[in-house]
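Just below is one structure, and these are the notes that go with it.
The values are calculated or read from the model by the stated rules, or taken from the named source; none is laboratory data. Treat the numbers as computed from the prediction; the structure is a model and nothing was measured. Quick reminder, even Gly has a Cβ in these numbers, built from the backbone with ideal geometry, and neighbours come from all protein chains shown.
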């Protein structure tokens, strides 16, 4: 309930480890204390963090001019195979704009058109079919984000990983280049791992 | 040279004080401006730094990467002035922090306050707290906070050292310039003093101080030279007066001695029993004349003395001028006869009433007649006339004698002046007759004038005296002094 009512990205941070944040004000910890069973909270917040990241990543990626739709056209984030993330994303993008453009979340199923997508998140539920999806996206300016614990696939540009209980991501510059995308160095600076060309 | 040193010191003092004050004033203004602008630029610089850091930290906040944020903040070690820095999340929680070695971390109780604040800075003494919002797409991601030590002392010390050096250098320069300039003031003064010393030593009033400028010193030189001119004139006048006194003494001795020889001779003749009666009479008449001459001479001297000491008192009364002329004529007659002059008297039959001192006016006309007789060759012609015109009586004594050169006509009325220094034919005198006559006439409110065409042209002396008004003519005027 609480997460649904306050879906702001700042609130979506998972509890931080006491090792790295030893000096965090205790009141922050108190604020997080009443969040029910720790496991459930962690699962819920993981989807929330991923949704927030998906949204924030838009600001650090340049799409090629050819893919530029009219200035007022929304940026579309497609979510495949992860309803929890989709639900969080719907809460986040409502009424928000990135680079002065509205952001729209779209839930996809196999076979849906991907023509107007800017970003595609392939959840773990769809990872099995990843090989079937990716060839269709090859060469298209779509930021493909996967959630594969084993690492970046051939065509995914970004991939979520869990490090010490925190959601991080890794980036592939060659994949981005193949898609005609340009990743901001500031994004790469906070990536857990960067695959260089 | 003590005076010169003093002026030099004063000029130097004025220049140095002025320079120092100007330097201090400009240095203070410069320092204040420099500190103010330095502080402003320092704050602006830190704001830029915080802004850059905030921009760089936005992705770290976005993707919750405190490690990257910490690495970013750690770069601040390159700025030793920054003691501590921190990044707070949107809810005020500490996200990343940096503390320079040897400094305390930012106090945590301020976190909420800072997280809620917007861009701005607080300057407290030499400590600057600066906060900068971290935003992206209009969303507040967090807050960047810097605390820096505003260490202005070394800069001020550096500036003071530079300003001190500049002040010292400019003072030295001003001293050099003043040293040259003060010579332009002291040199002419020293020159004036030198000339003054020479004038005193040599009694040479023709010396002049050189004028080198047209300023106050030039005015001093001018005034000094004018004073020398005046001193020279006075010295010359004193010398002339001195010379006249010497001549006067010589003449006085001569004049007093002259009658003594004939008197001695006459006494010897009178002493002889066989002297014929006619000779006795002649001797007595001669002795009488010589005595009169001496009495007149001494009377003149006494009068001069009284006038010059202000002790002369006129016995003023209403009197008939014609009677005075007659008395004078009778008094001088023997001398005129002796020199065989022809005297033409032109007097009106009726009285001419004036207000005056009978004896002194008689003395005036005797002196004028004596003068005419003396400076006219024997057998000359003397006109002694009186007439009235425009309310004044004009008595004219004109002769056809040797006359007076126009260039010295003013001098004949100067005391002890003998225009003719030849002393030939006994034409000598004390030189008091004419000055005395003029002063006596002046005391009567009248005027004595001289008119002579030149040497050999004869002389005319005219005395003007105010007539008594006609309606008073018959009244008896009160005696006055």
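State all residues of region A:170-197 that are at the interface with chain B (Cβ under 10 Å from one of its Cβ atoms), crowded, with 20+ Cβ neighbours inside 10 Å and in contact with a strand residue (DSSP E or B) (Cβ under 8 Å, 6 or more places away or on another chain); if no residue qualifies, say none. Selection gives A:187, A:191.
Do the conditions hold for residue B:50, that is, is it within 30 Å of residue A:53 (Cβ to Cβ), away from chain A (no Cβ under 14 Å) and touching a strand residue (DSSP E or B) at 6+ places or on another chain (Cβ under 8 Å)?
On the way: within 30 Å of residue A:53 (Cβ to Cβ): yes; away from chain A (no Cβ under 14 Å): yes; touching a strand residue (DSSP E or B) at 6+ places or on another chain (Cβ under 8 Å): yes.
Judged against the criteria, residue B:50 is a match.
Of A:151, A:123, A:95, all but one fail to be touching a residue at least 12 places away in the same chain (Cβ under 8 Å) and either closer than 17 Å to residue A:59 by Cα or surrounded by fewer than 16 Cβ atoms within 10 Å (Cβ to Cβ) (or both); the exception is A:151.
Is it fair to say residue B:319 is surrounded by 15 or more Cβ atoms within 10 Å (Cβ to Cβ) and assigned to a strand (DSSP E or B)?
For residue B:319, the condition - surrounded by 15 or more Cβ atoms within 10 Å (Cβ to Cβ) and assigned to a strand (DSSP E or B) - is met.
Here residue B:213 fulfils each of the conditions (1) part of a helix (DSSP H, G or I); (2) touching a helix residue (DSSP H, G or I) at 6+ places or on another chain (Cβ under 8 Å) apart from (1). Annotation: residue B:171 fulfils all but one of (1) touching a residue at least 12 places away in the same chain (Cβ under 8 Å); (2) loosely packed, with under 15 Cβ neighbours inside 10 Å; (3) over 30 Å from residue B:297 (Cβ atoms); the unmet one is (2).
Can you find a residue that is within 60 Å of the chain's Cα centre (by Cα) and surrounded by fewer than 21 Cβ atoms within 10 Å (Cβ to Cβ) anywhere in region B:39-54? Working first, answer last.
Our first condition is that a residue be within 60 Å of the chain's Cα centre (by Cα); within region B:39-54, this holds for B:39.
From what is left, the residues that are surrounded by fewer than 21 Cβ atoms within 10 Å (Cβ to Cβ) are B:39.
Yes, region B:39-54 contains at least one residue that is within 60 Å of the chain's Cα centre (by Cα) and surrounded by fewer than 21 Cβ atoms within 10 Å (Cβ to Cβ).
When region B:84-108 is limited to residues that are assigned to a loop (DSSP other than H, G, I, E, B) and within 9 Å of chain A (Cβ to nearest Cβ), the one that is nearest to the chain's Cα centre (by Cα) turns out to be B:105. Taken over region A:74-101, residues that are within 14 Å of chain B (Cβ to nearest Cβ) and in contact with a helix residue (DSSP H, G or I) (Cβ under 8 Å, 6 or more places away or on another chain) amount to 6.
Residue count for region B:55-83 under the criterion of being buried (at least 19 other Cβ atoms within 10 Å of the Cβ), outside any helix (DSSP H, G or I) and more than 10 Å from chain A (Cβ to nearest Cβ): the result is 2.
Within region B:130-145, is even one residue crowded, with 19+ Cβ neighbours inside 10 Å, within 10 Å of chain A (Cβ to nearest Cβ), modelled with pLDDT of 85 or more and more than 60 Å from the chain's Cα centre (by Cα)? Yes - at least one qualifying residue is present in region B:130-145.
Of the listed requirements (1) over 30 Å from residue B:19 (Cα atoms); (2) at pLDDT below 90, residue B:264 misses just one: (2). Would you check if there is a residue in region A:82-90 being modelled with pLDDT under 85, out of contact with any strand residue (DSSP E or B) (no Cβ under 9 Å at 6 or more places or on another chain) and farther than 20 Å from residue B:60 by Cβ? For region A:82-90, residues modelled with pLDDT under 85, out of contact with any strand residue (DSSP E or B) (no Cβ under 9 Å at 6 or more places or on another chain) and farther than 20 Å from residue B:60 by Cβ: absent.
For region A:102-123, what are the residues that are outside any loop (DSSP other than H, G, I, E, B) and more than 14 Å from every other protein chain (Cβ to nearest Cβ)? A:104, A:105, A:106, A:107, A:108, A:119, A:120, A:121, A:122 - these are the residues of region A:102-123 that are outside any loop (DSSP other than H, G, I, E, B) and more than 14 Å from every other protein chain (Cβ to nearest Cβ).
On the given criteria, is residue B:201 in a helix (DSSP H, G or I), closer than 18 Å to residue B:7 by Cα, away from chain A (no Cβ under 14 Å) and under 28 Å from the mean Cα position of the chain (by Cα)? The answer is no for residue B:201. If the condition is being assigned to a strand (DSSP E or B) and in contact with a strand residue (DSSP E or B) (Cβ under 7 Å, 6 or more places away or on another chain), then region A:142-169 contributes A:143, A:144, A:145, A:146, A:158, A:159, A:160, A:161, A:167, A:168, A:169.
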